[in-house]
Amino acid sequence: MARAEQSVTQRVLAVLDAFSVQRPALRLSEISRLAELSLTTAHRQVAELTRWGALERGEDGRYRIGLKLWELGALAPRSVDLREAALPVLEDLYEATHQNVQIAVRDGHEVVYVERITGRGAVSVVSRPGSRLPLHATAVGLVLLAYTSADEIDAVLGAPLRRYTAHTVVDPRRLRRILAETRRQGYAISDRQIEEVSASIAAPVRDGTGAVVAALSVVVPTRGQLRRYVPAVLTAARGVTRQLATAPER
């Protein structure tokens, strides 16, 4: 009984895992292939998920993530508490810079973006709330990695590191030096490591115990002096930290 129930759970998760930022809309045949399920099994799982509201079928016949999952995801404590504490500060940082401002948390070897504010004139970015990027190539990722344990750093740097541009740092020894510098100065800069047109400056956000739980950043065009944004980013990160320290427990 337990084995059968687990098998059903795995199939449902496989269907949901077929969707990503790069694949937000899928046909049934694509879900079947990506989830490694037979077409009949995929059809049954997709139909059940659609009835429940986890998936929605568009007029083009393709399926997308439904509002039910968004509602559940919005209940995640890390997301709710952090967004409520960060939003006013992010708005202030945006008004001061008129650049992309965002906040992210770590999940394994990746960062997950929790919130972002952007303007029409800001440089384009690939991140958005709910999207993921690697720790080693983003300023928020470097900050979050810098304040993890030595074992976790070894695990991340010991895995294959993707190169996004000619400027992406993938040498573990150089990354260790960058992480040490991040801890020493209290912020990180990622210059053209994800896209050639942008750079990001990030600082750590701490909870009431002093542990680093998130990283806040501003993403700017590569032209100009990047370090001039550092004081504003540090001030914003401290502001979110104060909000988290005084927030009532849920």
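The values are calculated or read from the model by the stated rules, or taken from the named source; none is laboratory data. Computed from a predicted structure; not experimentally measured. Cβ atoms come from the backbone with ideal geometry, glycine included; neighbour counts cover every protein chain shown. All accessible areas refer to the heavy atoms of the entire protein, side chains included, with ligands and DNA or RNA removed. Shrake-Rupley method; radii C 1.70, N 1.55, O 1.52, S 1.80 Å.
Of note:
- Largest GNM mean-square fluctuation among LEU87, LEU69, LEU142, using the chain with Cα springs under 10 Å: LEU69.
- Computed over the chain, relative contact order equals 15 percent, with contacts defined as Cα pairs under 8 Å that lie 6+ residues apart.
- Prolate/oblate/rounded call for region 27-131, Cα gyration tensor, a/c under 1.5 rounded: prolate
- Computed log10 I(q)/I(0) for region 132-219 at 0.20, 0.26 Å⁻¹: -0.89, -1.44, from the Debye equation with unit scatterers placed on every C-alpha and solvent omitted.
- Using a simple spin-label model with pseudo-atoms 7 Å out from Cα toward Cβ, ARG64 and GLN185 lie 4.1 nm apart.
- The relative contact order of region 47-185, computed from alpha carbon pairs under 8 Å that lie at least 6 residues apart in sequence, is 13 percent.
- Ellipticity at 222 nm from helices only: DSSP H runs of n ≥ 4 in the chain, each -39500 (n - 2.57), divided by the residue count, give -14500 deg cm²/dmol.
- Site pair ALA150 and ARG33 shows an inter-label distance of 4.7 nm when each label is modelled 7 Å from Cα along Cα→Cβ.
- Summed side-chain charge close to ARG132 - residues other than ARG132 whose Cβ falls under 9 Å, Lys, Arg +1, Asp, Glu -1: -2
- For the chain, the carbon plus sulfur part of the accessible surface works out to 50%, probe radius 1.4 Å.
- Solvent-accessible surface of region 150-250, taken per residue with a 1.4 Å probe and all protein chains present: 56 Å².
- Cβ-based net charge around ARG184, under 14 Å, with every Lys or Arg adding one and every Asp or Glu removing one: +2
- Most fluctuating residue given options LEU216, LEU234, LEU55, as computed from a GNM of the chain linking Cα atoms under 10 Å: LEU55
- Correct option for Rg/Rh (Cα atoms, Kirkwood Rh) [calculated from the coordinates] among [x] 1.01; [y] 0.99; [z] 1.34: [x]
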